[in-house]
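All of the numbers you see were taken from the coordinates with simple rules; none came from a lab. Every value quoted in this text rests on a predicted model; they were computed, and no experiment measured them. Glycine gets a Cβ as well: all are built from the backbone with ideal geometry, and neighbour counts include every protein chain shown.
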Amino acid sequence: MPSGFGLQFDEKLEKYILTTPSSSNTWEDIITGSLEGRNFKPINPIFGFRGRSPIELEKSLDLSSVLRFIASGALCSSVAHLVLTPIDVVKTKVQTKPETYNQGIIGTFKKVWVEEGPATLFDGWEPTFLGFFVGGAAAFFLTEYFRRSYTILATNMIMTAQSTSEITATSITSNFEIPLIIASAATSGFICCFLLAPFDAIRVRTVAQPDYADNIFGVVSRMIQEEGLASLFSAVPVWFLKEVPYNVMKFLVFDTSTEYLLQAYPVAREDIRLSLLVSLVGGT
């Protein structure tokens, strides 16, 4: 880039802009080789169109990135739901045996603790942990995958419909960030319902009928033998009503809140500790 020209992050536009003595210069100017009345060799896109575009902060979705999304989703979801297992146990007992457990959440918790022992509050922890380990991994990766895919699709549609450049189309697409997040999270949530429902069916059977089998493998085997494989997926329609809205709100709140915090504290974009703190606040 010629001497005297540089990049500066514009907090209002949320992107890097070209800084020059005059505000009339655009990226089209610098690409074609005309700037401030001075001529220089145009930028040759040796690395493709992206090579002459403004700096982008988003990394490509390579294998390393995919594994990080999968690992973070698997660990965060499985550990969080494992900690909340006692609540699931109490809820299941109240729903399956209302005539016995009719003292409310707190009363049922005390009743299970006294009459059945503290360990009962963690019945079904195995399918809970495994289910959300798989479901969380899929949700985090698929949401990011579909967000990028839908963004590219929207950009291409705008380029075709308006016969505009990729830079302009990308700028227009950035105005639809929230709808794109909603669409990608809803799609991944829909798919995850088919992954979570079987594990939850095993969990419910383990809690509602403690003597059904010795372990989760026995529960799965008996359910398939006596009720068929479809019994593991019988609650999928119910999961649609639960998981899709939950997944949408989870990622929508996280993305919008962290973006707001990064705008308020731009230094967090460059500081790993502050960045992690922003992610923690957004996730809670």
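Values as computed for the structure displayed
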{"read-out": "FRET efficiency, 1/(1 + (r/R0)^6) with R0 35 Å, evaluated for LEU274 and LYS242 via beta carbons", "value": "0.55"}
{"read-out": "Point-charge dipole on Cβ atoms (K/R +1, D/E -1) for segment 171-284, about Cα centre, debye to 20", "value": "60 debye"}
{"read-out": "Charge tally in the Cβ shell below 15 Å around GLY131, where Lys, Arg are +1 and Asp, Glu are -1, GLY131 excluded", "value": "-2"}
{"read-out": "Solvent-free Debye scattering, log10 I(q)/I(0), computed from the Cα coordinates of segment 144-284 at q = 0.14 Å⁻¹", "value": "-0.83"}
{"read-out": "Charge sum, other residues only, whose C-beta stays under 10 Å from PRO210's C-beta, Lys/Arg counted +1 and Asp/Glu -1", "value": "-2"}
{"read-out": "Relative contact order %, segment 129-259, counting alpha carbon pairs below 8 Å whose residues are six or more apart", "value": "30 percent"}
{"read-out": "Neighbour net charge for ILE181 - beta-carbon separation under 11 angstrom, K R +1, D E -1", "value": "-2"}
{"read-out": "Size of segment 63-207 as Cα extents on the principal axes (Å, biggest first)", "value": "71, 31, 21"}
{"read-out": "Test item: Cα-centred dipole of segment 69-206, Lys/Arg +1 and Asp/Glu -1 on Cβ, debye", "value": "200 debye"}
{"read-out": "Distance between segment 78-121 and segment 195-256 - C-alpha centres, whole angstrom", "value": "18 Å"}
{"read-out": "Packing rank of 180-187, 95-102, where each peptide gets the mean count of other beta carbons within 10 Å, highest leading", "value": "180-187, 95-102"}
{"read-out": "Förster radius 30 Å - calculated FRET efficiency between LEU229 and ALA119, Cβ distance, rounded to 0.05", "value": "0.45"}
{"read-out": "Cβ-derived FRET efficiency at R0 25 Å, ILE106 paired with SER257, nearest 0.05", "value": "0.20"}
